[in-house]
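Data first, discussion second: the structure below is written as structure tokens.
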Amino acid sequence: MSCRIAVFGTGYLGATHAACMAELGHEVLGVDVDVSKLAKLEAGEVPFYEPGLEEVLKRNLESGRLRFTSSYREAADFADIHFIGVGTPQRKGEYAADLTYVDSVIEQLVPLLTRSTTIFGKSTVPVGTAQRLGARMRQLVPAGVDVDLAWNPEFLREGFAVQDTLHPDRLVLGVDSVDPGNAEDIARLVYSDLLDEGIPLLVTDLATAELVKTAANAFLATKISFINAMAEVCEVAGADVSVLADAIGHDVRIGRRFLNAGIGFGGGCLPKDIRAFMARAGELGADEALTFLREVDNINMRRRTRMVELTREAVGGSLLGSRIAILGAAFKPDSDDVRDSPALNIAGQIQLQGASVNVFDPKAMDNSRAIFPTLNYASSSLEACEGADVVMVLTEWREFKDLDPVEIGIVVRNRTILDGRNCLDGSRWANAGWRYRGLGRRPIEGGRDDHAEGGSARA
Ligand code: UGA
């Protein structure tokens, strides 16, 4: 059965959710205050890079099932079901989440409601938020209108957003334990295709649903920092963290996924979510429970510093006057997102230490330029590497894994490659005469370092 749905927020989460709900056959209205974003979406253009999303967007715009608006009034009149998918960024100068946008949806939407409605929150929020919003909603709702608030966290990964929305590994629904209303029935209707596919739906209270989301991201962050801590030990012990990860990953209780050591996690979710989680636990008087997340954060940030140190070592002790090629700016491949990107952060630190930095990323150039206009941006990997003393791979795009070490070797000044994501075949680079260095792995020396025409890296 087709439902009438409004989705508030048209960022990574909201735009994907709106398009995918239409793909499931529902009639959907995407709502945002940013009219330039809406204009793009209405024209079938996704305002960020997300593989496969544009096709879903276009298909559903054409079918008429998907529309966009900036009018809350239109959304309230049109939809029986409302999803909140606005951002919850880190508050400036604090660890806590900024809930302004979530609050604003409730404040603006609820007074306009004219008939029975279910509101599903999808944004990542500190535990206790749904209960607070529910209380506020009951103050704002017009007399005679019945409205339920439920929490339905989202687990999609950028780069796999469509797949993760249409075929998630689980659905989680938090309902008010005092007055659950019919939110579960409505969710079963909205997600009927997914449930038919056998995807489990876990129904719980509001607080648990909120916590499932933050706990999942905290666990993923911890897993990454765990392997990066092992990388630190491997480095001093002369061991290899990639082999170690493969070996422990065979134990199904541990699992190999999310055990890739490198320059660590970034993006719009994991870093801010673990910080907001710590802040919220502190407010609730359970700060001791999450002090380990501070260490998870520390290990993660230390990887960036370590990468800068390795680059400095590779050019003989000082970055001043050196030329560094940086391949990758996005926080991960198949995304143009540079929010808290380790790659761009490292590029900035290296430039601050006096190096001339040439950055190339297949998709994140515009976003990088916007936040880091002072870096040099090349139009290809080869151009970024011209005359480089060190080449650094900081985002594991397929295109970088497939680079030809011989071809790149011709244009650089020194054949030194630093693999910040342990994604390259080190011996292939060494065989082409490169000095290869990964993180948490022994360096591989491949013949002479200096390129015949270039001479030494430093004057
Ligand atoms: C993350 C979660 O994986 C999603 O489940 C969640 O829904 C989302 O946050 C969110 O809260 O919205 P995402 O930020 O898209 O998704 O990115 P991830 O794939 O989790 O990667 C995060 C970072 O960890 C990246 O910088 C990546 O390079 C890094 N990473 C990942 C590693 O350093 N090592 C690994 O083994 C895996």
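The values are calculated or read from the model by the stated rules, or taken from the named source; none is laboratory data. Predicted model, so just to flag it, every value in this text is computed and none were measured. We place every Cβ from the backbone using ideal geometry, glycine too, and count neighbours over all the protein chains shown.
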What is the residue count in region 274-326 for residues that are under 15 Å from Leu394 (Cα atoms) and hydrophobic (A, V, I, L, M, F, W, C)?
-> 7
Quick one: would you say Asp205 is more than 14 Å from the ligand (Cβ to nearest atom), on the phi < 0 side of the Ramachandran plot and in the same structural domain as Ala135 (by TED's automatic domain parsing)?
-> no
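Suppose we keep only residues that are out of contact with any strand residue (DSSP E or B) (no Cβ under 9 Å at 6 or more places or on another chain) and in a loop (DSSP other than H, G, I, E, B) within region 342-373. Which one would you say is nearest to Arg413 (Cα to Cα)?
Let us first name the residues in region 342-373 that are out of contact with any strand residue (DSSP E or B) (no Cβ under 9 Å at 6 or more places or on another chain), namely 342, 345, 349, 352-354, 362-364, 366-367, 370-371, 373.
Next cut, in a loop (DSSP other than H, G, I, E, B) only: 353-354, 362-364, 373.
Numbers: Gln353: 20, Gly354: 18, Pro362: 23, Lys363: 26, Ala364: 26, Pro373: 25 Å.
It comes out as Gly354.
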When region 323-336 is checked residue by residue, the ones that are surrounded by 24 or more Cβ atoms within 10 Å (Cβ to Cβ), of a type outside the set (Gly, Ala, Ser) and closer than 24 Å to Cys269 by Cβ are Ile326, Leu327, Phe331
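Between Val406, Val411, Val393, which is in the same structural domain as Ser341 (by TED's automatic domain parsing), β-branched (Val, Ile, Thr) and in contact with a strand residue (DSSP E or B) (Cβ under 7 Å, 6 or more places away or on another chain)?
That would be Val393, the only listed residue that is in the same structural domain as Ser341 (by TED's automatic domain parsing), β-branched (Val, Ile, Thr) and in contact with a strand residue (DSSP E or B) (Cβ under 7 Å, 6 or more places away or on another chain).
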Filtered residue count, region 163-182, keeping only those that are part of a loop (DSSP other than H, G, I, E, B), surrounded by 16 or more Cβ atoms within 10 Å (Cβ to Cβ) and at pLDDT 95 or above | 2
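Yes or no: region 185-192 includes at least one residue that is in a helix (DSSP H, G or I) and polar (S, T, N, Q). First the steps, then the outcome.
We begin by selecting, within region 185-192, every residue in a helix (DSSP H, G or I); these are 185-190, 192.
Applying the additional criterion that residues be polar (S, T, N, Q) yields 192.
Yes: region 185-192 contains one or more residues that are in a helix (DSSP H, G or I) and polar (S, T, N, Q).
If only one of Asp179, Asp193, Asp164 is of a type in the set (D, E, K, R) and in contact (Cβ under 8 Å) with a residue 40 or more places away in the chain, which one is it?
Values: Asp179 fails: in contact (Cβ under 8 Å) with a residue 40 or more places away in the chain; Asp164 fails: in contact (Cβ under 8 Å) with a residue 40 or more places away in the chain.
Just one listed residue meets the conditions, Asp193.
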Considering only residues that are under 23 Å from Gly264 (Cα atoms) and hydroxyl-bearing (Ser, Thr, Tyr), look in region 339-376 and name the one that is surrounded by the fewest Cβ atoms within 10 Å (Cβ to Cβ).
-> Ser368
Please name all residue pairs, on different chains or six or more residues apart, with Cβ atoms under 9 Å, provided the first residue is in region 209-231 and is of a type in the set (Val, Ile, Thr) and the second residue is assigned to a helix (DSSP H, G or I) and near the ligand (Cβ under 10 Å from one of its atoms).
-> Thr214/Asp273; Ile224/Leu270; Ile224/Asn300; Ile227/Ala245
Unique match (being over 18 Å from Leu194 (Cα atoms), within 16 Å of the ligand (Cβ to nearest atom), crowded, with 21+ Cβ neighbours inside 10 Å and modelled with pLDDT of 95 or more) among Val7, Val31 | Val7
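Which fully enclosed strands (runs of 3 or more DSSP E) of region 54-159 have 1 or more residues being modelled with pLDDT of 95 or more and surrounded by fewer than 19 Cβ atoms within 10 Å (Cβ to Cβ)? Even if it seems obvious, please write down each step before you answer.
On the way: elements: 66-69, 81-84, 117-121, 147-151.
The strands (runs of 3 or more DSSP E) meeting that bar are 66-69.
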Which numbered condition Glu50 misses (of (1) surrounded by fewer than 21 Cβ atoms within 10 Å (Cβ to Cβ); (2) more than 29 Å from Val145 (Cα to Cα)) | (1)
